[in-house]
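Right, one structure below, let's go through it.
The values are calculated or read from the model by the stated rules, or taken from the named source; none is laboratory data. Small disclaimer: the values here were computed from a predicted structure and weren't measured. Backbone-built Cβ (ideal geometry, glycine too); neighbour counts: all protein chains shown.
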Amino acid sequence: MSDTLLVMKYGGTNMQDARAIRHSATLAARSIQEGSRVVVVVSAMAGVTNQLLQIADAAQAGDIARANDEIAAMRTRHFTAAQELGAAPDSDTVRELREMHETLRQAVYGVYLLRELTPRSRDLIVAFGERLSAPLMKLALEQLGQRAHHLTGGEAGIVTDTHFGNARPLPGTYGRIKDRLSGLLGAGVTPVVSGFMGETEKGAITTLGRGGTDFSATIIGKALSATEVWGWKDVDGVMSADPRVVKDARNIDVLSYGEVMELAYFGAKVLHPLAVTPLQDSGIPLRLKNSSDPDFAGTLVQAEPRDEAGHPVKAVTAIRNVSIINVSGAGVLGIPEVIASVFDAIARENVTLLMVSQSSSMSNVSLAVQTVDAERTLNALRAGVSLELQVEQQDNVAVLAIVGSGMRGQKGVSARLFTALAAQDVNILMISQGSSELNISVAVEAAHVDDATRSVHAAFSLGTAVSAG
Ligand SMILES: Nc1ncnc2c1ncn2[C@@H]1O[C@H](COP(=O)(O)OP(=O)(O)O)[C@@H](O)[C@H]1O
Ligand SMILES: N[C@@H](CC(=O)OP(=O)(O)O)C(=O)O
(Lines give C-alpha, C1' and ligand atoms only; values in the text may rest on other atoms or scores of the structure.)
(Ligands and ions follow the chains in the order given, each with its own letter.)
Protein backbone atom coordinates (compact mmCIF):
# COMPACT_ATOMS: atom_id res chain seq x y z
CA MET A 1 0.00 0.00 0.00
CA SER A 2 1.37 3.45 -0.93
CA ASP A 3 1.69 6.10 1.72
CA THR A 4 -0.02 8.74 -0.38
CA LEU A 5 -2.43 11.14 1.29
CA LEU A 6 -4.65 13.21 -1.01
CA VAL A 7 -7.05 15.97 -0.01
CA MET A 8 -9.79 16.17 -2.66
CA LYS A 9 -12.02 19.20 -2.97
CA TYR A 10 -15.38 19.10 -4.78
CA GLY A 11 -17.01 22.41 -5.74
CA GLY A 12 -20.67 23.22 -6.25
CA THR A 13 -20.82 21.87 -9.80
CA ASN A 14 -19.37 18.55 -8.70
CA MET A 15 -21.96 18.37 -5.89
CA GLN A 16 -24.96 19.73 -7.78
CA ASP A 17 -27.16 16.60 -7.81
CA ALA A 18 -27.08 12.88 -7.03
CA ARG A 19 -25.41 12.05 -10.34
CA ALA A 20 -22.61 14.56 -9.84
CA ILE A 21 -22.10 13.48 -6.21
CA ARG A 22 -21.94 9.80 -7.21
CA HIS A 23 -19.39 10.61 -9.90
CA SER A 24 -17.33 12.69 -7.42
CA ALA A 25 -17.41 9.82 -4.93
CA THR A 26 -16.25 7.44 -7.67
CA LEU A 27 -13.19 9.62 -8.30
CA ALA A 28 -12.26 9.56 -4.59
CA ALA A 29 -12.96 5.82 -4.30
CA ARG A 30 -10.69 5.14 -7.25
CA SER A 31 -7.72 6.72 -5.46
CA ILE A 32 -8.58 4.91 -2.22
CA GLN A 33 -8.68 1.60 -4.09
CA GLU A 34 -5.28 2.41 -5.55
CA GLY A 35 -3.96 2.65 -1.99
CA SER A 36 -4.15 6.36 -1.16
CA ARG A 37 -5.69 7.74 1.97
CA VAL A 38 -8.14 10.47 0.99
CA VAL A 39 -9.79 13.38 2.81
CA VAL A 40 -12.81 14.72 0.93
CA VAL A 41 -13.80 18.39 1.29
CA VAL A 42 -17.17 19.43 -0.14
CA SER A 43 -18.89 22.65 -1.17
CA ALA A 44 -22.62 23.31 -1.15
CA MET A 45 -24.66 22.11 -4.13
CA ALA A 46 -24.34 24.68 -6.96
CA GLY A 47 -26.54 27.72 -6.28
CA VAL A 48 -27.29 26.83 -2.65
CA THR A 49 -24.92 29.41 -1.10
CA ASN A 50 -26.59 32.22 -3.06
CA GLN A 51 -30.00 30.84 -2.16
CA LEU A 52 -29.10 30.83 1.55
CA LEU A 53 -27.94 34.44 1.31
CA GLN A 54 -31.27 35.37 -0.26
CA ILE A 55 -33.14 33.47 2.47
CA ALA A 56 -31.25 35.41 5.14
CA ASP A 57 -31.95 38.74 3.39
CA ALA A 58 -35.66 37.91 2.99
CA ALA A 59 -35.94 37.09 6.71
CA GLN A 60 -34.22 40.31 7.67
CA ALA A 61 -36.58 42.25 5.41
CA GLY A 62 -39.58 40.61 7.14
CA ASP A 63 -40.55 38.34 4.23
CA ILE A 64 -40.63 35.08 6.19
CA ALA A 65 -43.04 33.49 3.70
CA ARG A 66 -40.49 33.84 0.91
CA ALA A 67 -37.68 32.63 3.16
CA ASN A 68 -39.69 29.52 4.12
CA ASP A 69 -40.61 28.79 0.50
CA GLU A 70 -36.95 28.89 -0.46
CA ILE A 71 -36.00 26.64 2.47
CA ALA A 72 -38.70 24.17 1.38
CA ALA A 73 -37.36 24.17 -2.20
CA MET A 74 -33.85 23.59 -0.91
CA ARG A 75 -35.03 20.77 1.34
CA THR A 76 -36.66 19.04 -1.63
CA ARG A 77 -33.38 19.27 -3.53
CA HIS A 78 -31.37 17.66 -0.72
CA PHE A 79 -33.96 14.95 -0.03
CA THR A 80 -34.24 14.12 -3.73
CA ALA A 81 -30.47 13.74 -3.95
CA ALA A 82 -30.43 11.53 -0.83
CA GLN A 83 -33.21 9.35 -2.22
CA GLU A 84 -31.52 9.06 -5.61
CA LEU A 85 -28.33 8.06 -3.83
CA GLY A 86 -30.27 5.23 -2.22
CA ALA A 87 -31.11 6.59 1.27
CA ALA A 88 -34.16 4.93 2.87
CA PRO A 89 -36.76 7.32 4.42
CA ASP A 90 -35.76 6.12 7.90
CA SER A 91 -32.00 6.24 7.26
CA ASP A 92 -29.47 8.25 9.25
CA THR A 93 -28.83 10.46 6.21
CA VAL A 94 -32.47 11.49 5.88
CA ARG A 95 -32.76 12.05 9.65
CA GLU A 96 -29.62 14.23 9.65
CA LEU A 97 -30.81 16.29 6.68
CA ARG A 98 -34.20 16.79 8.35
CA GLU A 99 -32.59 17.95 11.61
CA MET A 100 -30.26 20.35 9.81
CA HIS A 101 -33.09 21.90 7.82
CA GLU A 102 -35.07 22.33 11.04
CA THR A 103 -32.12 24.14 12.71
CA LEU A 104 -31.71 26.29 9.60
CA ARG A 105 -35.42 27.17 9.70
CA GLN A 106 -35.08 28.22 13.35
CA ALA A 107 -31.99 30.35 12.68
CA VAL A 108 -33.80 32.09 9.81
CA TYR A 109 -36.85 32.64 12.01
CA GLY A 110 -34.60 34.29 14.63
CA VAL A 111 -33.35 36.75 12.00
CA TYR A 112 -36.95 37.46 11.01
CA LEU A 113 -38.04 38.12 14.62
CA LEU A 114 -35.13 40.46 15.24
CA ARG A 115 -35.15 41.94 11.72
CA GLU A 116 -31.40 41.87 12.22
CA LEU A 117 -28.84 39.99 10.16
CA THR A 118 -25.39 40.25 11.71
CA PRO A 119 -22.27 38.90 9.94
CA ARG A 120 -22.29 36.20 12.63
CA SER A 121 -25.86 35.05 11.92
CA ARG A 122 -25.28 35.26 8.17
CA ASP A 123 -22.33 32.86 8.53
CA LEU A 124 -24.39 30.46 10.62
CA ILE A 125 -27.07 30.41 7.90
CA VAL A 126 -24.84 30.34 4.83
CA ALA A 127 -22.65 27.47 6.12
CA PHE A 128 -25.68 25.15 6.05
CA GLY A 129 -25.03 24.63 2.33
CA GLU A 130 -21.77 22.81 3.03
CA ARG A 131 -23.15 21.08 6.14
CA LEU A 132 -26.00 19.65 4.10
CA SER A 133 -23.86 18.31 1.28
CA ALA A 134 -21.39 16.38 3.50
CA PRO A 135 -23.86 13.62 4.51
CA LEU A 136 -24.73 13.15 0.82
CA MET A 137 -21.08 12.59 -0.09
CA LYS A 138 -20.63 10.24 2.87
CA LEU A 139 -23.61 8.23 1.66
CA ALA A 140 -22.28 8.12 -1.91
CA LEU A 141 -18.91 6.83 -0.67
CA GLU A 142 -20.61 4.17 1.44
CA GLN A 143 -22.65 3.06 -1.53
CA LEU A 144 -19.32 2.41 -3.25
CA GLY A 145 -18.21 0.21 -0.36
CA GLN A 146 -16.04 2.81 1.41
CA ARG A 147 -16.17 3.67 5.09
CA ALA A 148 -16.71 7.40 5.56
CA HIS A 149 -17.55 9.89 8.29
CA HIS A 150 -18.73 13.47 7.80
CA LEU A 151 -17.65 16.45 9.89
CA THR A 152 -18.33 20.19 9.95
CA GLY A 153 -15.30 22.44 9.44
CA GLY A 154 -15.15 23.02 13.20
CA GLU A 155 -15.40 19.32 13.99
CA ALA A 156 -12.54 18.71 11.59
CA GLY A 157 -10.46 21.17 13.65
CA ILE A 158 -10.70 24.34 11.54
CA VAL A 159 -10.59 27.12 14.12
CA THR A 160 -10.62 30.71 12.93
CA ASP A 161 -10.59 34.32 14.07
CA THR A 162 -13.90 36.13 14.52
CA HIS A 163 -13.81 37.85 11.15
CA PHE A 164 -17.26 36.60 10.16
CA GLY A 165 -17.69 36.32 6.39
CA ASN A 166 -13.96 36.35 5.76
CA ALA A 167 -12.42 34.38 8.62
CA ARG A 168 -8.80 33.27 8.73
CA PRO A 169 -7.44 30.10 10.35
CA LEU A 170 -5.70 30.50 13.72
CA PRO A 171 -2.24 28.92 14.05
CA GLY A 172 -3.60 26.24 16.41
CA THR A 173 -5.88 24.93 13.69
CA TYR A 174 -3.19 22.78 12.07
CA GLY A 175 -2.46 20.67 15.15
CA ARG A 176 -6.14 20.37 15.89
CA ILE A 177 -6.99 19.11 12.39
CA LYS A 178 -4.23 16.53 12.65
CA ASP A 179 -5.63 15.32 16.00
CA ARG A 180 -9.19 15.15 14.68
CA LEU A 181 -8.55 13.45 11.33
CA SER A 182 -5.54 11.18 11.87
CA GLY A 183 -7.53 8.63 13.89
CA LEU A 184 -10.18 8.29 11.19
CA LEU A 185 -7.59 7.95 8.44
CA GLY A 186 -5.62 5.40 10.47
CA ALA A 187 -8.79 3.33 10.86
CA GLY A 188 -9.41 3.32 7.11
CA VAL A 189 -12.31 5.78 7.32
CA THR A 190 -12.52 8.61 4.77
CA PRO A 191 -13.30 11.95 6.44
CA VAL A 192 -15.82 14.07 4.50
CA VAL A 193 -15.39 17.66 5.67
CA SER A 194 -17.81 20.53 5.00
CA GLY A 195 -15.72 23.18 3.24
CA PHE A 196 -15.99 26.99 3.39
CA MET A 197 -16.64 26.93 7.16
CA GLY A 198 -14.75 26.92 10.42
CA GLU A 199 -15.58 27.96 13.92
CA THR A 200 -14.25 30.41 16.49
CA GLU A 201 -12.60 29.22 19.68
CA LYS A 202 -15.99 29.69 21.35
CA GLY A 203 -17.72 27.51 18.75
CA ALA A 204 -19.48 30.15 16.62
CA ILE A 205 -19.62 29.18 12.95
CA THR A 206 -17.52 31.29 10.56
CA THR A 207 -16.99 31.25 6.79
CA LEU A 208 -13.76 31.75 4.87
CA GLY A 209 -15.04 34.03 2.08
CA ARG A 210 -16.75 33.10 -1.18
CA GLY A 211 -15.12 30.15 -2.90
CA GLY A 212 -13.61 29.21 0.49
CA THR A 213 -13.82 25.44 0.11
CA ASP A 214 -10.54 25.56 -1.85
CA PHE A 215 -9.03 27.25 1.21
CA SER A 216 -10.47 24.58 3.58
CA ALA A 217 -8.85 21.88 1.45
CA THR A 218 -5.40 23.48 1.50
CA ILE A 219 -5.60 24.19 5.25
CA ILE A 220 -6.33 20.49 5.78
CA GLY A 221 -3.60 19.57 3.29
CA LYS A 222 -1.03 21.51 5.26
CA ALA A 223 -2.22 20.12 8.61
CA LEU A 224 -1.87 16.53 7.40
CA SER A 225 1.30 17.11 5.31
CA ALA A 226 -0.67 15.78 2.35
CA THR A 227 1.13 14.43 -0.69
CA GLU A 228 -1.03 16.66 -2.91
CA VAL A 229 -4.25 18.66 -2.72
CA TRP A 230 -6.58 18.09 -5.69
CA GLY A 231 -9.29 20.57 -6.64
CA TRP A 232 -11.81 18.87 -8.93
CA LYS A 233 -13.27 21.39 -11.37
CA ASP A 234 -15.60 21.55 -14.36
CA VAL A 235 -12.70 22.84 -16.47
CA ASP A 236 -9.31 21.27 -17.31
CA GLY A 237 -7.52 23.42 -14.73
CA VAL A 238 -6.40 27.03 -14.66
CA MET A 239 -6.78 28.31 -18.18
CA SER A 240 -5.16 31.17 -20.07
CA ALA A 241 -8.46 33.10 -19.72
CA ASP A 242 -12.00 32.47 -18.52
CA PRO A 243 -13.19 29.87 -21.06
CA ARG A 244 -16.66 31.44 -20.99
CA VAL A 245 -15.16 34.63 -22.46
CA VAL A 246 -12.32 33.35 -24.65
CA LYS A 247 -13.19 30.34 -26.78
CA ASP A 248 -9.60 29.30 -27.49
CA ALA A 249 -8.43 29.60 -23.87
CA ARG A 250 -6.16 26.70 -23.08
CA ASN A 251 -5.03 24.86 -20.01
CA ILE A 252 -1.83 25.91 -18.24
CA ASP A 253 0.25 22.87 -17.21
CA VAL A 254 2.29 24.44 -14.42
CA LEU A 255 1.88 27.62 -12.38
CA SER A 256 3.71 28.87 -9.32
CA TYR A 257 1.89 29.66 -6.08
CA GLY A 258 2.56 33.36 -6.72
CA GLU A 259 1.12 33.27 -10.23
CA VAL A 260 -2.04 31.45 -9.23
CA MET A 261 -2.57 33.87 -6.34
CA GLU A 262 -2.35 36.83 -8.70
CA LEU A 263 -4.78 35.16 -11.08
CA ALA A 264 -7.28 34.37 -8.35
CA TYR A 265 -6.94 37.85 -6.89
CA PHE A 266 -7.59 39.38 -10.30
CA GLY A 267 -10.82 37.49 -10.79
CA ALA A 268 -10.08 33.97 -12.11
CA LYS A 269 -13.01 32.26 -10.41
CA VAL A 270 -11.24 28.95 -10.52
CA LEU A 271 -9.55 29.31 -7.10
CA HIS A 272 -9.95 31.17 -3.79
CA PRO A 273 -7.24 33.89 -3.68
CA LEU A 274 -5.76 32.63 -0.39
CA ALA A 275 -6.03 28.94 -1.21
CA VAL A 276 -2.35 28.38 -1.86
CA THR A 277 -1.09 30.29 1.18
CA PRO A 278 -1.15 27.28 3.55
CA LEU A 279 0.89 25.27 1.04
CA GLN A 280 3.66 27.80 0.51
CA ASP A 281 5.94 26.85 3.42
CA SER A 282 5.74 23.14 2.88
CA GLY A 283 5.76 23.17 -0.93
CA ILE A 284 2.79 20.76 -1.06
CA PRO A 285 1.57 20.78 -4.68
CA LEU A 286 -1.98 21.73 -5.60
CA ARG A 287 -3.46 20.09 -8.68
CA LEU A 288 -6.60 21.33 -10.40
CA LYS A 289 -8.28 18.58 -12.38
CA ASN A 290 -11.29 18.16 -14.60
CA SER A 291 -13.83 15.77 -13.08
CA SER A 292 -15.07 14.91 -16.59
CA ASP A 293 -11.56 13.95 -17.69
CA PRO A 294 -9.85 12.56 -14.57
CA ASP A 295 -6.87 11.08 -16.42
CA PHE A 296 -5.86 14.49 -17.75
CA ALA A 297 -3.09 15.97 -15.56
CA GLY A 298 -4.79 19.40 -15.24
CA THR A 299 -2.82 22.29 -13.75
CA LEU A 300 -0.03 21.66 -11.26
CA VAL A 301 0.53 24.54 -8.84
CA GLN A 302 3.94 24.40 -7.14
CA ALA A 303 6.61 26.65 -5.64
CA GLU A 304 8.74 27.18 -8.74
CA PRO A 305 7.44 28.98 -11.82
CA ARG A 306 8.06 27.33 -15.17
CA ASP A 307 8.63 29.87 -17.89
CA GLU A 308 8.70 29.39 -21.60
CA ALA A 309 10.83 31.56 -23.86
CA GLY A 310 8.71 33.95 -25.86
CA HIS A 311 5.73 33.62 -23.52
CA PRO A 312 6.21 36.10 -20.70
CA VAL A 313 2.48 36.15 -19.95
CA LYS A 314 0.54 33.01 -19.00
CA ALA A 315 -3.00 34.28 -18.54
CA VAL A 316 -5.32 37.25 -18.78
CA THR A 317 -8.08 37.73 -16.27
CA ALA A 318 -10.66 40.31 -15.20
CA ILE A 319 -12.56 41.54 -12.17
CA ARG A 320 -15.98 42.94 -12.97
CA ASN A 321 -18.25 45.21 -10.91
CA VAL A 322 -15.48 47.60 -9.97
CA SER A 323 -15.76 51.30 -9.10
CA ILE A 324 -13.05 53.93 -9.09
CA ILE A 325 -12.97 56.40 -6.23
CA ASN A 326 -11.14 59.56 -7.23
CA VAL A 327 -9.76 61.64 -4.40
CA SER A 328 -8.55 65.05 -5.53
CA GLY A 329 -7.39 68.29 -4.00
CA ALA A 330 -4.57 70.29 -5.52
CA GLY A 331 -1.86 71.02 -3.02
CA VAL A 332 -3.14 68.92 -0.11
CA LEU A 333 -2.62 65.35 -1.31
CA GLY A 334 1.16 65.78 -1.25
CA ILE A 335 1.08 66.23 2.52
CA PRO A 336 1.95 62.88 4.14
CA GLU A 337 -0.68 63.25 6.91
CA VAL A 338 -3.40 63.80 4.33
CA ILE A 339 -2.52 60.74 2.29
CA ALA A 340 -2.23 58.74 5.52
CA SER A 341 -5.74 59.82 6.50
CA VAL A 342 -7.07 58.51 3.17
CA PHE A 343 -5.62 55.03 3.74
CA ASP A 344 -6.52 55.05 7.45
CA ALA A 345 -10.15 55.73 6.62
CA ILE A 346 -10.16 52.81 4.16
CA ALA A 347 -8.34 50.46 6.52
CA ARG A 348 -10.92 51.13 9.25
CA GLU A 349 -13.66 50.00 6.86
CA ASN A 350 -11.66 46.90 5.95
CA VAL A 351 -12.14 47.57 2.24
CA THR A 352 -9.92 45.67 -0.21
CA LEU A 353 -8.17 48.01 -2.63
CA LEU A 354 -7.85 46.38 -6.05
CA MET A 355 -5.62 49.11 -7.49
CA VAL A 356 -4.17 52.39 -6.28
CA SER A 357 -2.56 55.08 -8.38
CA GLN A 358 -1.40 58.58 -7.57
CA SER A 359 -0.79 61.29 -10.14
CA SER A 360 2.74 62.62 -10.08
CA SER A 361 1.39 66.15 -9.55
CA MET A 362 0.04 64.72 -6.27
CA SER A 363 -3.32 66.32 -6.94
CA ASN A 364 -5.18 63.05 -7.43
CA VAL A 365 -5.33 59.53 -5.98
CA SER A 366 -7.46 56.90 -7.71
CA LEU A 367 -8.62 53.81 -5.84
CA ALA A 368 -10.28 50.85 -7.51
CA VAL A 369 -12.66 48.91 -5.23
CA GLN A 370 -15.44 46.39 -5.72
CA THR A 371 -18.67 48.30 -6.42
CA VAL A 372 -20.28 46.65 -3.35
CA ASP A 373 -17.62 48.40 -1.23
CA ALA A 374 -17.81 51.76 -3.03
CA GLU A 375 -20.45 53.47 -0.90
CA ARG A 376 -18.74 52.43 2.32
CA THR A 377 -15.41 53.70 0.99
CA LEU A 378 -16.94 56.98 -0.08
CA ASN A 379 -18.63 57.53 3.28
CA ALA A 380 -15.47 56.64 5.18
CA LEU A 381 -13.45 59.10 3.11
CA ARG A 382 -16.01 61.89 3.42
CA ALA A 383 -16.06 61.43 7.20
CA GLY A 384 -12.36 60.80 7.74
CA VAL A 385 -10.32 63.07 5.46
CA SER A 386 -9.61 66.75 5.06
CA LEU A 387 -12.56 68.86 3.91
CA GLU A 388 -10.41 70.28 1.14
CA LEU A 389 -10.44 66.94 -0.67
CA GLN A 390 -13.09 66.10 -3.24
CA VAL A 391 -14.23 62.51 -3.48
CA GLU A 392 -16.03 61.12 -6.54
CA GLN A 393 -17.19 57.68 -7.61
CA GLN A 394 -17.10 56.21 -11.12
CA ASP A 395 -19.04 52.96 -11.66
CA ASN A 396 -19.14 50.37 -14.46
CA VAL A 397 -15.43 49.67 -14.38
CA ALA A 398 -13.52 46.38 -14.72
CA VAL A 399 -9.92 45.55 -13.92
CA LEU A 400 -8.06 43.46 -16.48
CA ALA A 401 -4.74 41.86 -15.53
CA ILE A 402 -2.04 39.90 -17.30
CA VAL A 403 -0.10 37.45 -15.15
CA GLY A 404 3.13 35.50 -15.61
CA SER A 405 6.50 35.28 -13.88
CA GLY A 406 8.20 35.44 -17.29
CA MET A 407 7.44 39.15 -17.61
CA ARG A 408 9.99 39.91 -14.86
CA GLY A 409 12.70 42.01 -16.46
CA GLN A 410 11.19 41.57 -19.95
CA LYS A 411 10.84 44.69 -22.03
CA GLY A 412 7.93 45.42 -24.30
CA VAL A 413 5.25 43.55 -22.35
CA SER A 414 3.30 46.68 -21.40
CA ALA A 415 3.65 48.01 -24.94
CA ARG A 416 2.04 44.81 -26.27
CA LEU A 417 -0.76 45.10 -23.72
CA PHE A 418 -1.51 48.73 -24.53
CA THR A 419 -1.36 48.11 -28.29
CA ALA A 420 -3.90 45.28 -27.92
CA LEU A 421 -6.21 47.54 -25.91
CA ALA A 422 -5.80 50.41 -28.34
CA ALA A 423 -6.69 48.07 -31.23
CA GLN A 424 -10.08 47.57 -29.55
CA ASP A 425 -10.43 51.30 -28.91
CA VAL A 426 -10.40 50.63 -25.16
CA ASN A 427 -9.79 53.63 -22.95
CA ILE A 428 -7.49 52.92 -19.98
CA LEU A 429 -8.63 54.52 -16.73
CA MET A 430 -5.84 53.33 -14.40
CA ILE A 431 -2.59 51.37 -14.72
CA SER A 432 -0.61 49.48 -12.11
CA GLN A 433 2.27 47.04 -11.98
CA GLY A 434 3.26 45.23 -8.80
CA SER A 435 6.94 45.37 -7.87
CA SER A 436 7.02 41.57 -8.04
CA GLU A 437 6.44 42.04 -11.79
CA LEU A 438 4.07 39.07 -11.76
CA ASN A 439 1.23 41.15 -13.16
CA ILE A 440 0.21 44.34 -14.90
CA SER A 441 -3.33 45.51 -14.31
CA VAL A 442 -5.45 48.16 -16.00
CA ALA A 443 -8.88 49.55 -15.18
CA VAL A 444 -11.15 49.86 -18.21
CA GLU A 445 -14.82 50.55 -18.83
CA ALA A 446 -16.80 47.41 -18.01
CA ALA A 447 -18.58 47.40 -21.36
CA HIS A 448 -15.24 46.75 -23.12
CA VAL A 449 -13.74 44.15 -20.84
CA ASP A 450 -14.68 40.99 -22.78
CA ASP A 451 -13.42 42.35 -26.11
CA ALA A 452 -10.32 43.63 -24.35
CA THR A 453 -9.70 40.20 -22.80
CA ARG A 454 -9.97 38.47 -26.20
CA SER A 455 -7.70 41.01 -27.84
CA VAL A 456 -5.02 40.72 -25.12
CA HIS A 457 -5.29 36.91 -25.19
CA ALA A 458 -4.60 36.96 -28.92
CA ALA A 459 -1.81 39.57 -28.65
CA PHE A 460 0.17 37.34 -26.26
CA SER A 461 -0.63 34.19 -28.32
CA LEU A 462 -2.12 32.58 -25.23
CA GLY A 463 -4.36 30.31 -27.27
CA THR A 464 -1.28 28.51 -28.61
CA ALA A 465 1.66 27.11 -26.67
CA VAL A 466 1.53 28.82 -23.28
CA SER A 467 3.11 26.36 -20.98
CA ALA A 468 4.42 23.29 -22.66
CA GLY A 469 7.67 23.85 -20.75
N1 LIG B 1 -8.59 31.43 -15.87
C2 LIG B 1 -9.56 30.55 -15.62
N3 LIG B 1 -9.31 29.23 -15.71
C4 LIG B 1 -10.27 28.32 -15.47
N5 LIG B 1 -11.53 28.64 -15.13
C6 LIG B 1 -11.85 29.93 -15.03
C7 LIG B 1 -10.88 30.94 -15.26
N8 LIG B 1 -11.49 32.12 -15.05
C9 LIG B 1 -12.74 31.87 -14.71
N10 LIG B 1 -13.00 30.55 -14.70
C11 LIG B 1 -14.30 29.94 -14.39
O12 LIG B 1 -14.20 29.30 -13.12
C13 LIG B 1 -15.09 28.20 -13.10
C14 LIG B 1 -14.65 27.21 -12.04
O15 LIG B 1 -14.80 27.83 -10.80
P16 LIG B 1 -15.93 27.37 -9.78
O17 LIG B 1 -17.20 27.09 -10.53
O18 LIG B 1 -15.97 28.32 -8.63
O19 LIG B 1 -15.30 26.04 -9.31
P20 LIG B 1 -15.92 25.03 -8.32
O21 LIG B 1 -16.21 23.83 -9.16
O22 LIG B 1 -14.80 24.84 -7.39
O23 LIG B 1 -17.15 25.61 -7.70
C24 LIG B 1 -15.02 27.62 -14.49
O25 LIG B 1 -16.25 27.05 -14.84
C26 LIG B 1 -14.67 28.83 -15.37
O27 LIG B 1 -15.75 29.28 -16.13
N1 LIG C 1 -20.29 27.41 -1.45
C2 LIG C 1 -19.35 28.47 -1.18
C3 LIG C 1 -17.95 27.97 -1.04
C4 LIG C 1 -17.29 27.42 -2.27
O5 LIG C 1 -16.09 27.24 -2.29
O6 LIG C 1 -18.05 27.09 -3.32
P7 LIG C 1 -17.49 26.53 -4.76
O8 LIG C 1 -16.46 25.46 -4.46
O9 LIG C 1 -18.72 25.96 -5.43
O10 LIG C 1 -16.90 27.68 -5.51
C11 LIG C 1 -19.49 29.57 -2.21
O12 LIG C 1 -20.34 29.47 -3.09
O13 LIG C 1 -18.81 30.57 -2.13
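Is at least one residue of the stretch 115-127 surrounded by fewer than 17 Cβ atoms within 10 Å (Cβ to Cβ) and over 28 Å from the mean Cα position of the chain (by Cα)? Yes - at least one qualifying residue is present in the stretch 115-127.
Of all the listed residues (I325, I252), the sole one being aliphatic (A, V, I, L, M), surrounded by 22 or more Cβ atoms within 10 Å (Cβ to Cβ) and more than 10 Å from ligand 1 (Cβ to nearest atom) is I325. Would you mind stating whether S256 is under 17 Å from S216 (Cα atoms) and away from ligand 2 (no atom under 16 Å from the Cβ)? Against the criterion (under 17 Å from S216 (Cα atoms) and away from ligand 2 (no atom under 16 Å from the Cβ)), S256 does not qualify. Taken across the stretch 160-167, residues that are of a type in the set (F, W, Y), part of a loop (DSSP other than H, G, I, E, B) and farther than 30 Å from A459 by Cβ do occur, with at least one present. Just one of (1) within 25 Å of G463 (Cβ to Cβ); (2) within 11 Å of ligand 1 (Cβ to nearest atom) fails for D214. It is (1). Scanning the stretch 217-229 for residues that are within 16 Å of ligand 1 (Cβ to nearest atom), over 18 Å from Y265 (Cβ atoms) and in contact with a Leu (Cβ under 6 Å, 6 or more places away or on another chain) yields one hit, V229.
Yes/no matrix, rows are residues, columns are (1) closer than 13 Å to A204 by Cα; (2) in contact with a helix residue (DSSP H, G or I) (Cβ under 6 Å, 6 or more places away or on another chain):
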residue	(1), (2)
L114	no, no
L132	no, yes
P135	no, yes
A148	no, yes
L151	no, no
I158	yes, yes
D161	yes, no
P171	no, no
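Among the residues of the stretch 80-95, those identified as more than 16 Å from R22 (Cβ to Cβ) and either among the aliphatic types (A, V, I, L, M) or assigned to a helix (DSSP H, G or I) (or both) are A88, D92, V94, R95. Looking only at the stretch 1-45, residues that are more than 16 Å from ligand 2 (Cβ to nearest atom) and part of a strand (DSSP E or B) come to 4 in all.
Counting only residues that are more than 20 Å from G209 (Cβ to Cβ) and out of contact with any Phe, Trp or Tyr (no Cβ under 7 Å at 6 or more places or on another chain), the stretch 221-272 holds 27 of them. Applying a threshold of 9 Å to beta carbon distances and a minimum spacing of six or more residues, or different chains, the list of pairs starting in the stretch 17-31 at a residue that is over 19 Å from E130 (Cβ atoms) and ending at one that is acidic (D, E) and part of a helix (DSSP H, G or I) reads R19/E84. Step by step: first the residues of the stretch 145-154, then only those that are under 22 Å from the mean Cα position of the chain (by Cα) and part of a loop (DSSP other than H, G, I, E, B), then the one that is farthest from T26 (Cα to Cα). Which residue is that? Among them, the one singled out is G154.
Within the option set Q358, Q393, Q410, being closer than 17 Å to A459 by Cα and among the polar types (S, T, N, Q) holds for one residue only, Q410.
Restricting attention to the stretch 261-298, the residues being buried (at least 22 other Cβ atoms within 10 Å of the Cβ), β-branched (V, I, T) and away from ligand 2 (no atom under 15 Å from the Cβ) number 1.
Just the residues that are farther than 17 Å from G237 by Cα, buried (at least 22 other Cβ atoms within 10 Å of the Cβ) and within 14 Å of ligand 1 (Cβ to nearest atom), please, taken from the stretch 17-45. Scanning the stretch 17-45 gives I21, V40, V41, V42, S43, A44, M45.
Among the residues of the stretch 209-238, those identified as within 8 Å of ligand 2 (Cβ to nearest atom) and not in a helix (DSSP H, G or I) are G209, R210, G211, G212. For the stretch 239-256, the tally of residues that are closer than 26 Å to D451 by Cβ, part of a loop (DSSP other than H, G, I, E, B) and in contact (Cβ under 8 Å) with a residue 60 or more places away in the chain stands at 9. Here R98 qualifies as more than 24 Å from L208 (Cα to Cα), charged (D, E, K, R) and part of a helix (DSSP H, G or I). It is to be established whether one or more residues within the stretch 335-345 are touching a residue at least 12 places away in the same chain (Cβ under 8 Å), surrounded by 22 or more Cβ atoms within 10 Å (Cβ to Cβ) and touching a Leu at 6+ places or on another chain (Cβ under 9 Å). Looking for residues that are touching a residue at least 12 places away in the same chain (Cβ under 8 Å), surrounded by 22 or more Cβ atoms within 10 Å (Cβ to Cβ) and touching a Leu at 6+ places or on another chain (Cβ under 9 Å), one finds at least one in the stretch 335-345, hence yes.
Rundown of residues vs (1) hydrophobic (A, V, I, L, M, F, W, C); (2) modelled with pLDDT of 90 or more, yes/no style:
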position: S361; (1), (2): no, no
position: Q370; (1), (2): no, yes
position: D373; (1), (2): no, yes
position: V385; (1), (2): yes, no
position: E388; (1), (2): no, no
position: V403; (1), (2): yes, yes
position: Q410; (1), (2): no, no
position: T419; (1), (2): no, yes
position: D425; (1), (2): no, yes
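Just one of (1) exposed (fewer than 15 other Cβ atoms within 10 Å of the Cβ); (2) modelled with pLDDT under 95 fails for N166. It is (1).
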